[in-house]
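Below is one structure; the comments refer to it alone.
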Amino acid sequence: MPTLIATPALINSVGSKPKVIEEYIGRVNSHTEAFSIARMVSPSGWVEPGQQPEFDEYTIVLRGTLKVKTRDGEMDVVAGSAVIVHQGEWVQYSTPGPDGAEYISVCAPAFSPATVHRDPA
């Protein structure tokens, strides 16, 4: 029988400003460890600490622009496009544009605070 996910779990965010994280599937909301799926809404000017996660992260931008910075450079991922950040790769996300961004993030295996390895403050 299929499992209906009626509502997402709200996850606390980190970064320079509050950001909405709605986990639909993952360790918190559905007890799924293989992957997680979350909708995120980041305000203009939001910057997250750098991280070197133990998971692949697949992101589709629905609205606005998500800036993705790695040790090799940075790119702007605009609405209608996607980016893959591979496990073990250092990355920092931000939304410097005037409208922020809305995006869907899929992590495999599922996101966990213990495996994201954020840079020290």
**Complete:** Share of accessible surface on carbon and sulfur in the chain, whole %, 1.4 Å probe and ligands ignored, is 59
**Request:** Report the relative contact order of the chain, percent, no decimals, based on alpha-carbon pairs under 8 angstrom and at least 6 residues apart.
**Result:** 30
**Asked** Taking a probe of 1.4 Å, how large is the accessible area per residue of the chain, in Å²?
**Response** 56
**Fill in**
From most to least accessible, 1.4 Å probe, no ligand or DNA/RNA atoms counted, D56, D99, D72, D119 line up as D72, D99, D119, D56
**Asked** So how much accessible area does M75 have, in Å² to the nearest 10, using a 1.4 Å probe?
**Response** 100
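Taking region 61-121 on its own, what percent of its Cα-Cα pair distances exceed 20 Å? Numbers along the way, then the final one.
Details: 556 of 1830 pairs.
That tail contains 30 percent of the Cα-Cα pairs.
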**Request:** Kindly sort R71, R27 by accessible area of their heavy atoms, largest first, with the probe set to 1.4 Å.
**Result:** R71, R27
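The values are calculated or read from the model by the stated rules, or taken from the named source; none is laboratory data. Fair warning: this is a prediction, and the values are worked out from it, not measured in the lab. Calculation scope for accessible area: heavy atoms of the full protein, side chains included, ligands and nucleic acids excluded. Shrake-Rupley method; radii C 1.70, N 1.55, O 1.52, S 1.80 Å.
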